[in-house]
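Here is the structure we will look at.
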Amino acid sequence: MRSQLMNRTFALTLCFFAACGPPVVVGPPDAAVDEDAGVTDVDAGQGDDAGTMIDAGRPDAGTPDAGVPDSGTPGDGGTSMTLVTVSHERELRGVWVASVVNLDWPASSSLSADAGRASLTAMVDSMADAGLNALFFQVRPESDALYPSTLEPWSRFLTGTQGQNPGWDPLDELLTLAHARGLEVHAWMNPYRGLVSSSTVTAANHVTRTLAGSAITYNNAVVMNPGQAAVRQHVEAVVSDLLDRYDVDGVHFDDYFYPYPDSSNTPFPDTATYAAYTADGGMMNLGDWRRDNVNTLVREVMGLVTNDHPAVRFGVSPFGIWRSGQPVPGLDAYSVISCDAPTWMANGWVDYLTPQLYWRETSLQQYSTLATWWAMRNMGGRHLFPGHAVHQLSAMNWPLSEIDGQIAFTRTLKSQGAQGDVHFRAAFIANNTKGVHTLFKTNLYAKPALPPVLPRAGASVAPAVPFVSVVGSTLSVPNPLPATVRFFTLYREVAAGQWE
């Protein structure tokens, strides 16, 4: 598993006497060739923008170099190297890729393996072309899997039949595709959804069968009872298994905790579970007990990530209004679905929140009002990535200027922890709905950016200064941390001391 790299940003300036032919890309484990064929600058992996000058003789903070020298270019035939200060944008530019009912990918549950690979490649290429840098990919839409798992069955959205092997591993291939194009992959999971439809034919190892006593049918769907410890333990086992086997950059939960009410506001039927809790001496009222069940899952997943996979980012995208009237009227997520997201942030149980702020600036639920409210919570040094309703460009005929203005407003809150945005959802960007792909590519996301560094202690390591060698017009940068560095960023000197 890789580690994020801490606040170290540096550039290598190479001056050498060689004819400058066409740049030659040096393959792994080397990274990079400068477009000028004369200067290359390397921001190692997930470093920050502090701009601190790095001493070429600086030790490696205990990180082994696999035999690669740290600095200098011995025997370079006239080459000399200095280290200079560089900086670049840090901003998470995410998009949700929904697999449930084939919304974004796969577009059909009848694709062959080859067609699935081709469509996955096309989707990743489109998101990278738009300037995005993080895919929130739904790997567990209904207690199933878009990857081979011994804990849960294959998703029916891949083949039409739950438990049927599609003949390939979409998550594994997505990681290869996305990382090669500079995109992070965050595994998006629905923690409590058992089935989208209660009429679905399930596989023998689906949780609605293995934990049948915890499966509650509500509003024509199946919810796994958050009040049952076995449900929480199963979700945590799934998270742990995925992180042990896949080099994902994050784990992401959406807003489905206790279920949203049906059209008749039918109470969620968990009275027997609550009665068992009180009979055992429990003192919390129903609302506090439900919130505590959800809080326990979030807290324990964060502990799992912190202890076993500290470089992985963990966050949640709650409903955009915490309490009705705070600061705007609307559904009260705290009481209705037992979601107390500000508490998670204040206690450091998440690395970020992505509140789903799916309203226009001209509505009662004004985007700028909500974004400011979330940014002003006690965030414990963590991040805010507001969620945007790109799908409303089509569904509600929003003007493109709405998305443009919302992202611009997020950027005014950067000093308050708002470090990027996430968009719902990929199909509308891929289809360039009302020109949103073009807006991202040519304007909002035209200049590359890396996601912000994890603000959690223990999530990063200091990179070793890489060794650079020059052969003709080819610059080779052997990676001193091959198992942990995700990306290198290259810079060009556009004027004396000015790096791009």
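The values are calculated or read from the model by the stated rules, or taken from the named source; none is laboratory data. The structure displayed is predicted, hence computed values, not measured ones. Just so you know, the surface numbers come from the protein's heavy atoms only, side chains and all, with ligands and any DNA or RNA stripped out. Shrake-Rupley method; radii C 1.70, N 1.55, O 1.52, S 1.80 Å.
The table below gives the values:
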{"quantity": "Whole-Hz couplings from phi, Karplus 6.51/-1.76/1.60, listed for region 251-266; x for Gly and Pro", "calculated": "10, 9, 9, 9, 8, 8, 9, 5, x, 4, x, 6, 5, 9, 6, 5"}
{"quantity": "Long-range HN-HN contacts of residue 221 with modeled amide H, under 5 Å", "calculated": "198"}
{"quantity": "Euclidean distance of C-alpha centroids, region 271-309 and region 216-244, integer Å", "calculated": "13 Å"}
{"quantity": "Average accessible surface area per residue within region 86-220, 1.4 Å rolling probe, Å²", "calculated": "32 Å²"}
{"quantity": "Gyration tensor verdict on region 433-474 (Cα atoms; rounded if a/c is under 1.5, prolate if a/b is larger than b/c, oblate otherwise)", "calculated": "oblate"}
{"quantity": "Gyration tensor verdict on region 261-341 (Cα atoms; rounded if a/c is under 1.5, prolate if a/b is larger than b/c, oblate otherwise)", "calculated": "oblate"}
{"quantity": "Inter-part distance where region 350-412 and region 425-462 are each reduced to a Cα centre, Å", "calculated": "15 Å"}
{"quantity": "Long-range amide H partners of residue 425 with built H, under 5 Å", "calculated": "390, 391"}
{"quantity": "If the convex hull is drawn through the Cα atoms of region 366-430, its volume per residue in Å³", "calculated": "80 Å³"}
{"quantity": "Gyration tensor verdict on region 155-314 (Cα atoms; rounded if a/c is under 1.5, prolate if a/b is larger than b/c, oblate otherwise)", "calculated": "oblate"}
{"quantity": "Quotient of C-alpha Rg and 2.2 N^0.38 Å, computed over region 162-252", "calculated": "1.24"}
{"quantity": "Two-decimal ratio, region 415-500, of alpha-carbon radius of gyration to 2.2 N^0.38 Å", "calculated": "1.51"}
{"quantity": "Nonlocal amide H pairs with residue 350, under 5 Å, H built at 1.01 Å", "calculated": "none"}
